[in-house]
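Notes for the one structure printed next.
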Amino acid sequence: MRLLIRFYFLIFCFSVQSQIQPVGLELSSDNVEDVIKQNNGLLWVGTDEGLNVFYDDEKHVFYSSIQDSLSLLNSKINKIALSSKNNLIVLTQDGLSVFDSDKFSFRQINFASRPTSVIEDPTNGSFWISTENSGYYLLNNLFEIEGHFTFDPLNPLSISTSNLSNSNKNTIIVSEESKVYISTLNGFNIYDKRLKTFKRYFKGNKSTLTSNDLIGLKAIGDYIIIASPNEVVVFDKEKSSFEKIFSPSSEITSFISIGENPPVLSTQNQDYELVMEDGVPAFNEIKNKIISIGNNITVTDNTFLFWKKGSSEIKQTDYNYENKVIYNIDGVINSVRYNNNEIYIGTNQGVKTIQKQFTSVIQLNSFKSSDFFYTYNNQYVNIYNNTIEAGVYINDEKRTTFKKNYRYDFSEMVFETKGEFVLIAKDNLSVFNLDKQSFRSNVLSKIDFKNLSVNNLKNIHDIVYASHSDGVFEIPLNLISESNQETSEIIFYDYNELLNKDVPRGFNDMEKVGGLLFVTNSQSGLMLYEKNFNSFKRNFKYNGDSKTTLASSTPTKLMYNAEENELYIGTIGSGLFKYNLASERFSNLDVNSGLLSNNVYDFLNTPSRLFIQSGTGINFIEGSLIKNINSEDGLIADLFHKESLHKFGNNIFISGKESIQSFSISSLKDKQEDFRISVFNAIGIDEFNNSSVIPYENGVFNIDYKTKTLIVDLFPDQPYKFNQVQYFISKTENEKDIIKNGYNNKIQLNALPYYTSELRFFAINGNGLRSANSIPINIYNAPPWWIRVESIIAYIILLILSITLFVRYKERKTKEKMEGERKSQELEEARKLQNSLLPKVLPSVDGFEISTYLKSATEIGGDYYDFFYKEGEYFYAICGDATGHGVISGIMVSVTKAGLYGVPMGEPSKILGQLNRIVKRVNFGRLRMSLSVAKFNKNVVQLSSAAMPPTYYFSSKSKKVEEILVPNLPLGGIESEKFDGVKKEFKPGDVMVMISDGLPELPNPTNDLLDYKKVYDCIEKNAERSAEEIKDALVDLSDDWAKGNMNPDDITIVVVKKAA
């Protein structure tokens, strides 16, 4: 009996140990300090070499970087905590790192020593952080340090110790509005939140404590229960008094809270449960000693898990501390967490879990092997190796009624069924009758088969079709059931390249719809015949049009769905095709549509669902939803049979080479678990393929025009079939425009419009269930500054302003043009007037040659020449230059000419004196008139000048040129001015040249002046020529010198020569 008990114990221990399974996580280090799972599904694993986060089938590792203030404080993780708002808090040697999921970065909070625990105050959202030897830190709900409490020997209102290395959730109570209660290694403390001061209690008569080294404390009603190694003391909050209520016989080792369950006090010999009896705290013994020294407790939905850091054992009990189970762990335990119905064990050998018991698919252990499996009514037949086994299967129990070995190797044969008959063939055909449980061998012999080897069978109505390598033959079913029929009724269809090339070379499957016969094989794909194989209609071989031909060369299974009038076609590698016989169109379902695999082997049509057997599991279609059953439901991979799906009552059997498995159809509804999706992060990629995390600020992803692609990483909160979740994008809230992203959880957004875009993401899992939430995402894409709204507004304003200025400019120019035209007209009239003041023709004076030239600088010149001639009495030559040029100079010339006509002709000096007085009286201001007057007699010339340039006189007798300069003031200066004059002989051949200063002062392109010397030389060189030639020589001199430049001053030349 003792050996039997030991045997059962060993079996029990083995089975329990086998339930501890490693979680297949690729970690930055196998030494796992802590594991925690957030409500959104993120699994965080803290190791001694970084913080790992797992989501979907992906991971990310965070490390510390001294150069990055947004990284972890330290890569060695000690503990992980979650706040009530689901904030992730990471405890390391140097302090806390709080994860900001929106910015995908950490906020670093440095402490003077290692933090040991994080306790959240539910009344205000603040956090009490205990440290190894630097007291408590108080953080507000924004994780800002509001207080730092350390022991101060000079301050009686400080905390009793700074050493909080053993502090945890069992040593502090923060749930009250006004007080915080703390037990330490050196006494009991009460913190006043309003005064921000501590009141300390130590061992002694007042506290009734016999030790300052406190184990823990709990709040119950108006009491604080305080445990020390020797006793339990009650502190009355209203009376501020202490009372000892319990002194166990052995030392107290722990005082632990267990979720919503009563706290447990543990001593070396006994465990006690804290209860209230008539409003007074009391302790009741727990039947079995469970808690060891240093034990921690993790609470699941229906069990307690007791474990110790550094051990390799987990004890499990129910809430009554009974039904104890011991789990032995490979490795050393660092933490045990229970999150979202999952148990995670952090060890020095990675993350482990207590394996769940699958309930959807069960393995029927009573079936060990199978080459063929068939169910009919409540009966089954299982054929394997050389054995046929039959029986009944009722109420999930198998009862074998027939089992016999034969000389045949059934594993090399092919099978087909018709009601209670199982047809078995290769070189011949045998039949097993399930109702009679009898086996008839060699019903049709090798000779009947013409020595052909059968590789497939298909029963359609009353005909069994047999496939061989070069054709097909039909076997009437009555040949099999009635042994006395003639074999001549077997019809053979043999393939012949010349005579019967349309006959199929065997088949994978066949299906008859009315008079149409659909056939699949490896050589020709899908073919269609009418009634028999002599009436070939068409081949559906793919020709590039996936709507009218089959886009697969490897069709396998066929099934006609009469309700939809569609032929279902399973293929290898291309998924499931549906051929609509009415429209003659194909459609396709594949892994992108929700199939587990593109390899489809079998169909099973039930009234509510179509089941599809693929290489990696089973899909079933409910309405328009494609759901699945796979290994996560307990389905074990196997080499499944060609006919692997069987309906057996309310169960579906899946048969394979190594196993028969089963699941209840009703259990499919039990797997409809709600799930939600979340955003892990968003990565922006610029034109240079550089990537960066895009923060999610105030509900918006802010990017700019440099970001060419935004990748939003999504994940579901449930691990169940996470890799079969399909993601969708909707551009509008009513989800009219939906884009399917398939199984890719990374949504890649390209060519985002500028400014704000709103998208919504949702998902559908492998069970066809839609996510309980859809995530609205706002994306603000800032355009380049030159096309922003404000820039465009500025452009519009600038355009309006430009148009306004242009219009005003045009108006001004138009006015200026009109004014210019008016002035030009007036100037033209003035020019005409001035020209009218000049001689129309040169006088013809007997004995004299006269030539003149005047080139004005503007429309109205300031230069003037004239002649006064009266035959037989006088001949005067006049050359003048008003200061400046333009209209006012023209007026001065007009006044001068009028004056000349008004004064009596006499000596030139007297004429100038009279003109001077006239000009002065007209009062032209600062304007003056220079004038030379020459009077020619028979052989004499008299000359007087008012501030004119020198007059050049050439004597034909001496052959010399003389400059005659008369130093008088210009007209209009001093009214009483006396003008001097000179007299020269003027004999035939003599020449007199009068000029204005515009000629010698003419500049060239380099701004050098012509000067008087060149004028003198020119006159001297040409003096013996005619008056006209002398004038032309001077004009050519000026033109050559100026080289096309406009003259800045008027040029006047008057040449008078005494004819020889």
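Read-outs throughout are calculated quantities, based only on the coordinates presented, and are distinct from any laboratory measurement. Remember, predicted model here, so these are calculated numbers, not experimental data. So basically every Cβ, Gly included, is an ideal-geometry build from the backbone, and we count neighbours across all protein chains shown.
Below are the figures for this structure:
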| read-out | value |
| --- | --- |
| Charge sum, other residues only, whose C-beta stays under 12 Å from residue 804's C-beta, Lys/Arg counted +1 and Asp/Glu -1 | +1 |
| Cβ-based net charge around residue 547, under 11 Å, with every Lys or Arg adding one and every Asp or Glu removing one | -1 |
| Residues whose placed amide H lies under 5 Å from that of residue 427, excluding near-sequence neighbours | 454 |
| Two-site FRET efficiency, residue 978 against residue 819, from Cβ-Cβ distance with R₀ of 41 Å, rounded to 0.05 | 0.35 |
| Cα-projected label distance for residue 276 with residue 360, points at 7 Å along beta-carbon direction, nm | 4.5 |
| Peptides ranked, highest mean first, by Cβ atoms within 10 Å: ranges 634-641, 560-567, 178-185, 817-824 | 178-185, 634-641, 560-567, 817-824 |
| Potential extension, residue 554-residue 68 segment - 0.36 nm per residue separation minus Cα distance | 169.3 nm |
| Helix-only CD estimate at 222 nm, as mean residue ellipticity for the chain, using -39500 (n - 2.57) per DSSP H run (n ≥ 4) | -4000 deg cm²/dmol |
| Where the Cα pairs of segment 508-659 fall when distances are cut into 10 Å bins, in % | 11, 41, 34, 13, 1 |
| Cα-based convex hull volume of the chain per residue, rounded to whole Å³ | 380 |
| Over 17 Å [Cα-Cα, segment 677-783], rounded percent | 52 |
| Neighbour-count ranking [beta-carbon atoms within 10 angstrom, fewest first] of 1041, 128, 785 | 785, 1041, 128 |
| Sites residue 157 and residue 785, calculated FRET efficiency, Cβ-Cβ separation with R0 60 Å, nearest 0.05 | 0.55 |
| Angle in degrees between helix 1027-1042 and the longest Cα principal axis of the chain, rounded to the nearest 10 | 20 |
| Segment 137-186: C-alpha pair distances exceeding 18 Å, % | 38 |
| Compactness of segment 301-392 - radius of gyration and Dmax, Cα, Å | 21.3, 58 |
| Two-decimal Rg/Rh across segment 131-234, once Rg and the Kirkwood Rh are taken from alpha-carbon atoms | 0.95 |
| Alpha-carbon Debye profile of segment 842-1058, log10 I(q)/I(0) at 0.09, 0.11, 0.14, 0.17 Å⁻¹ | -0.33, -0.49, -0.81, -1.20 |
| Relative contact order of the chain, pairs being alpha-carbon contacts under 8 Å that are 6 or more residues apart, as % | 5 |
| In Hz, Karplus ³J(HN,Hα) per residue of segment 541-547 (6.51, -1.76, 1.60; θ = phi - 60°; x = Gly, Pro) | 4, 5, 10, x, 9, 6, 8 |
| Residue order, fewest to most beta carbons within 10 Å, for 892, 413 | 413, 892 |
| Whole-number percent relative contact order across segment 683-804, with pairs defined as alpha carbons under 8 Å at least 6 apart | 25 |
| Too-long pairs where the Cα-Cα distance tops 18 Å, listed order kept, from 37/59; 935/1013; 541/740; 59/746; 1031/1057; 446/657 | 935/1013; 541/740; 446/657 |
| Mean projected area in nm² (Cα convex hull; one quarter of hull surface) for segment 723-795 | 6.0 |
| Convex hull volume per residue for segment 202-286, taking Cα atoms only, in Å³ | 89 |
| Quotient of Cα Rg and 2.2 N^0.38 Å for segment 30-116, N being how many residues it contains | 0.99 |
| Length-normalised contact order for segment 509-578 - Cα pairs under 8 Å, 6+ apart - percent | 23 |
| Exposure proxy ranking, count of Cβ atoms within 10 Å, fewest first, for 879, 1018 | 1018, 879 |
| Label-to-label distance, nm, for residues given as residue 199 and residue 21 (7 Å Cα→Cβ offset) | 5.6 |
| Segment 581-646 and segment 965-986: distance between their alpha carbon centers, rounded to Å | 129 |
| log10 of Debye I(q)/I(0), alpha-carbon scatterers only, for segment 598-689 at 0.14, 0.15 Å⁻¹ | -0.56, -0.62 |
| Residue 497/residue 688 FRET efficiency (R0 45 Å; Cβ-Cβ; nearest 0.05) | 0.15 |
